[in-house]
Amino acid sequence: MSAKTLGPVRRKFAPWDDPSSKPLIEIRQVTKNFGSFTAVDDVSLNIYEREFFALLGPSGCGKTTLMRMLAGFEEPSAGQIIIGGQDMAGIPPHKRPVNMMFQSYALFPHMNVEKNIAFGLEMDKLPKGEIAARVQEMLKLVKLEQFAHRKPHQLSGGQRQRVALARAIAKRPKVLLLDEPLGALDKKLREETQFELLDLQMQLGMTFVIVTHDQDEAMTMADRIAVMDKGQFVQISPPAELYEHPQTKYVADFIGDINLLEGRVTKNERGRITLDSDVTGGVIDVHADSSAGAGDKAWFALRPEKAAISLLPPNDPQTNCAHGTVWDIGYVGDISVYHVRLDQGGSMRASIANTSRVVERPITWEDKVYLTWTPDSGVVLTK
């Protein structure tokens, strides 16, 4: 599949929205206990063929334990894992239609690149001619033909990562499991490799399941993301939906930067919600759907890039407006992030794209500013 087709394919790919689609992986009410500690708590999930799926969450949330159960290194305490219509209970890792790429890469230091890639195929006793052909195919796929006879210590971190990937996909598993696969790479190489992995997955037509605590990594590569906390799924959605329509404060806060403005709902009629907020000292008018009712405590979730910042007051400073003093500015190249101490207490952030090379700012430290936003720029959360 050529790179030109990747965009249209990925844009239309959403088997989870098709009731007739049969999942490749079914996780049914799975729990995993280690003594009195519950690492994974009664989770259910369907993953589809050719999907790039991410398990995202902080350390200790249960994502790696769930992946190890998919791989067969751990058995569920309760529930079922079904892959390709077959119950995986009691089936050892080497007999499952999955392969796992570890964070450490686990390459054999005494073997060259060619031998590392061939190892699993030799263990499966494939004919020598088929092994040689498969190894050459993998070397070409990961662009390492000229490094075939080098040992792992003679390779860069990115090259070792590609060897581990080639070895993992050489056996042509139905599912490739990736445990923090880019964690050892520097930032620039990690960003480049994300797109390489994405293109490779589309070319192979394989199902990838990645475990990561890096939200940018998950947002870049995955078709859908499951955000985990304390052994449970908090929200399972495509990246844009997670970012723009978080269902809880936890998800809103975990994915990207967010302003959470507390208030009390005064009205909710036909997708228009009004909150009185002590944080802003005025009214927050929101055009969004929410189950919040009049009198409920709620939070308005607003991304920093959706807040405008100005030295001049708006026409209506009592609606969708907060005012305060700039106490810090973060310059990160493409954007500048303004931290504003609000006059009513608390703080907010607004980010501005740096569209010119002029570093001098019209707004600077200690300036009195107004932050404003449109009614459709955020969501109302009740939990």
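Of the three principal axes defined by the Cα atoms of segment 1-122, the extents in descending order read 44, 43, 30 Å. Taking 194, 154, 215 as the candidate residues, the one with maximal mean-square fluctuation in a Gaussian network model of the chain, Cα springs under 10 Å, is 154.
Using +1 at the Cβ of each Lys and Arg and -1 at the Cβ of each Asp and Glu in the chain, identify which of 288, 200, 31 lies farthest towards the dipole's positive end. Going by the Cα projections, it comes out as 200. Each 20 Å bin from zero holds the following percent of Cα-Cα pairs in the chain: 24, 47, 25, 4. Pick out, from 302, 40, 112, the residue whose Cα sits farthest towards the positive end of the charge dipole of the chain, with +1 on the Cβ of Lys and Arg and -1 on the Cβ of Asp and Glu. The residue sitting most towards the positive pole is 112. Annotation: for a label point projected 7 angstrom from Cα along Cα→Cβ of residue 214, residues of segment 38-80 with backbone N closer than 18 Å are 52-60, 63-64.
When the pairs 95/171; 22/249; 12/188; 32/63; 125/171 are compared against a 22 Å limit on Cα-Cα distance, 22/249; 12/188 fall above it. Of the residues 152, 176, 274, the one whose Cα sits farthest toward the positive end of the charge dipole of the chain, with +1 on the Cβ of Lys and Arg and -1 on the Cβ of Asp and Glu, is 152. If the segment from residue 87 to residue 344 were pulled out straight at 0.36 nm per residue, it would be longer than the present Cα-Cα gap by 86.8 nm. Highest GNM mean-square fluctuation among 53, 208, 195, for the chain modelled with Cα contacts below 10 Å: 195. What distance in nm lies between label points placed 7 Å from Cα along the C-beta direction at residue 188 and residue 318? Output for this residue pair reads 5.4 nm. When +1 charges are put on Lys and Arg Cβ atoms and -1 charges on Asp and Glu Cβ atoms, the dipole computed for the chain relative to its Cα centre reaches about 1480 debye.
Taking GluC sites (Glu not before Pro) as exposed when their DSSP state is a loop state and no more than 14 other Cβ atoms lie within 10 Å, the longest site-free interval of the chain runs over 1-359. When restricted to Cα atoms, segment 210-344 yields an Rg and a Dmax of 16.7, 48 Å, respectively. With the simple model of a label 7 Å out from the Cα in the direction of the Cβ, residue 356 to residue 80 spans 6.4 nm. When +1 charges are put on Lys and Arg Cβ atoms and -1 charges on Asp and Glu Cβ atoms, the dipole computed for segment 257-381 relative to its Cα centre reaches about 100 debye.
The calculated FRET efficiency for the pair residue 145 and residue 365, based on their C-beta separation and a Förster distance of 56 Å, comes to about 0.55. Here the simple spin-label model places points 7 Å from the Cα toward Cβ, and for residue 31 and residue 59 these points are separated by 2.8 nm. Annotation: extensible slack from residue 128 through residue 22 equals 34.5 nm (criterion: 0.36 nm per residue apart, minus Cα-Cα distance).
The value obtained for segment 264-304, namely the Cα convex hull volume divided by the number of residues, is 69 Å³ per residue.
Coordinate-derived values only; no laboratory data. No experiment lies behind these values; they were computed from the predicted model shown. With ideal geometry, Cβ positions are generated from the backbone for all residues, glycine too; neighbour counts draw on all protein chains shown.
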